[in-house]
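Data block below; observations after.
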Amino acid sequence: LFPRRGGRAPEPGNLDQLYRLGQLLGRLHAVGSTRPFEHREALGVKNFGHDSLTTLLEGNFIPKSLLPAYESVARDLLKRVEDVYAATPHKNIRMHG
């Protein structure tokens, strides 16, 4: 639709540019929070954790020699993430992506 025009990265030491970038991201998130999700899946432990682990374990992505250790660590980590999600009040917001 429109010609592609690349931008430029902010200068890491330029606080004015970083402040402006923060303002723009804040505005983007403020606009996104005005309506509920419609077309994106919400970030959650099941869909981004357990489902992803199942895909990795069933898809031959991990060498067989590492599989038991990987699965054990991943399941322990997911349990801890579930505990944090359960103990922490949070509100889902729409985000850019």
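The values are calculated or read from the model by the stated rules, or taken from the named source; none is laboratory data. Please read these numbers as outputs of a predicted model, since none were measured by experiment. All Cβ positions, even for glycine, are placed from backbone atoms using ideal geometry, and neighbour counts span all protein chains on display.
Take ASN47 and tell me if it is touching a Phe, Trp or Tyr at 6+ places or on another chain (Cβ under 8 Å) and free of Cβ contacts under 8 Å to residues at least 60 places away in the same chain.
So ASN47 does not fit the description; no.
So, in region 54-96, of the ones that are in a loop (DSSP other than H, G, I, E, B), loosely packed, with under 10 Cβ neighbours inside 10 Å and of a type in the set (D, E, K, R), which residue ends up modelled with the highest pLDDT?
LYS64
Quick check, is ALA30 aliphatic (A, V, I, L, M) and within 27 Å of ILE93 (Cβ to Cβ)?
In short, yes.
Search region 29-43 for residues being in contact (Cβ under 8 Å) with a residue 40 or more places away in the chain and within 16 Å of the chain's Cα centre (by Cα), and hand back the single one that is nearest to ALA87 (Cα to Cα).
Applying the filter and picking the extreme gives LEU43.
Could you tell me which of the residues GLU71, GLU11, GLU82, GLU58 is touching a residue at least 24 places away in the same chain (Cβ under 8 Å) and out of contact with any His (no Cβ under 8 Å at 6 or more places or on another chain)?
Going through GLU71, GLU11, GLU82, GLU58 in turn, just one is touching a residue at least 24 places away in the same chain (Cβ under 8 Å) and out of contact with any His (no Cβ under 8 Å at 6 or more places or on another chain): GLU82.
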